[in-house]
Amino acid sequence: MTRLDAPVTESNCHRVDQDGPATRLLEAREVPLGGIRGILVHRSLPQRELPMVGAWCFLDRFDDERSHMRVLPHPHTGLQTVTWPIEGSIRHRDSVGSDVAVQPGELNIMTSGYGISHSEFSIGDVDSPLRGLQFWVALPQETAAVDPFFERYTELPVYETDGLAATVLVGKLGDVESEATIFTPLMGADAVIDAGAQVPLPLDPAFEYAVMVVSGSLDVAGHHLTSGPLLYLGIGRETLDVASTEGARFILLGGAPFGEELIMWWNFVGRSHDEIVAARDDWERGSDRFGHVDGHGGERIPAPPLPTVRLTPRRRRP
Ligand code: MN
């Protein structure tokens with residue numbers, strides 16, 4: 001995925017100390033991706049009030065009746081992309097030689113480190129739906145510039161309890177742990193709760209968490225949550241009671257509050273204005289840093305113009 005919406009002065013990703021459980025409902029905003037014939041994505045992070053949840057710094061949900069995703073090669077630095085299709089398949093090609101079709105139930109996780117480029121195209125009949133999630137995870141300073149690599153998991157562990165089954169994408173839920181590589185204390189799971197079920201989910205009190213419903217409706221932390229918004233839950237919870245009368249599919253995300261100030265601009269995560277400028281320049285001049293994605297001729301997504309002001313981290317609003 002690529003950010004085509006990058007507002008010229010936007011930069012973000014800063015945390016303030018979290019002092020306990022909270023509930024804050026944050027509406028997603030609709031962002032066109034890939035031009036006028038492209039798809040609409042629902043973006044839940046970053047938000048003005050909440051740049052990150054743990055190291056999760058970017059949450060997109062794509063939900064389209066037509067499979068016409070066509071995202072040409074574009075670069076990333078300082079982050080991991082986590083791609084999780086729900087319906088329809090996506091062909092992922094990247095500059096470390098990957099060329100895979102990612103299907104529902106399979107996880108793609110791409111660690112950009114110092115620099116990678118990739119493309120994402122929907123596969124198959126254009127009139128079939130394409131739904132799924134793409135999230136970004138910020139890398140901490142000490143591993144922000146690792147060599148890029150790509151992982152694909154066709155089988156993932158499932159946390160099961162009476163009335164609920166949760167596929168663990170990254171990190172762990174209870175004692176069920178994903179093998180996907182992560183660089184900070186983090187978790188993400190895709191859960192299905194049965195109609196009429198009420199389940200306590202085990203949380204890590206050192207993590208902050210958020211929940212997003214994919215389908216159905218979920219009663220959680222005093223909210224009746226349906227598809228759309230992100231419910232931020234704060235930190236310090238040992239368990240989270242979830243219940244549903246009609247059944248629901250939902251995403252639970254959590255992580256240790258990310259203690260570094262970050263700047264996010266376009267598809268780059270960095271720590272200084274100059275670092276972002278250097279990454280942009282390297283992409284624009286076709287530097288080896290971002291390699292080459294086979295199969296697109298010379299087609300690629302150019303970087304948007306830099307803002308005229310220096311990029312600075314955005315502070316989380318109390
Ligand atoms: Mn991307």
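The values are calculated or read from the model by the stated rules, or taken from the named source; none is laboratory data. Since we're looking at a predicted model, the values are computed, not measured. Reconstructed Cβ throughout: ideal geometry from the backbone, glycine too, with neighbour counts over all protein chains shown. Just the protein is used for accessible areas: all its heavy atoms, side chains included, with ligands, DNA and RNA removed. Shrake-Rupley method; radii C 1.70, N 1.55, O 1.52, S 1.80 Å.
At a glance:
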| item | result |
| --- | --- |
| Net charge dipole size for the chain [Lys, Arg +1 and Asp, Glu -1 on Cβ; Debye, nearest 20] | 1100 |
| The range 28-255: relative contact order as a whole-number percent, Cα under 8 Å and 6+ apart | 18 |
| Calculated from backbone phi, Karplus (6.51, -1.76, 1.60) coupling profile of the range 194-204 in Hz, x at Gly/Pro | 6, 4, x, 7, 9, 9, x, 9, x, 10, 9 |
| Distance (nanometres) between label positions extended 7 Å along Cα→Cβ at GLU155 and ALA278 | 4.3 |
| The chain: angle of helix 273-284 to the longest principal axis, Cα-based, in degrees nearest 10 | 60 |
| Per-residue ³J(HN,Hα) for the range 212-217, Karplus 6.51 cos²θ - 1.76 cosθ + 1.60, θ = phi - 60°, Hz, x for Gly and Pro | 9, 7, 8, 8, x, 9 |
| Note, ³J(HN,Hα) from phi for the range 167-176, Karplus 6.51, -1.76, 1.60, rounded to Hz, x at Gly and Pro | 6, 8, 7, 9, x, 9, 10, x, 9, 9 |
| Accessible area in square angstrom per residue, the range 28-255, 1.4 angstrom probe | 35 |
| Carbon + sulfur, % of accessible area of the range 28-255 - ligands and nucleic acids excluded, 1.4 Å | 47 |
| Contact order relative to length of the range 101-211, as percent, for alpha carbon pairs under 8 angstrom and 6 or more apart | 24 |
| Long-range amide H partners of ILE86 with built H, under 5 Å | ARG131, GLY132, LEU133 |
| TYR153 - accessible surface, heavy atoms, 1.4 Å probe, Å² rounded to 10 | 40 |
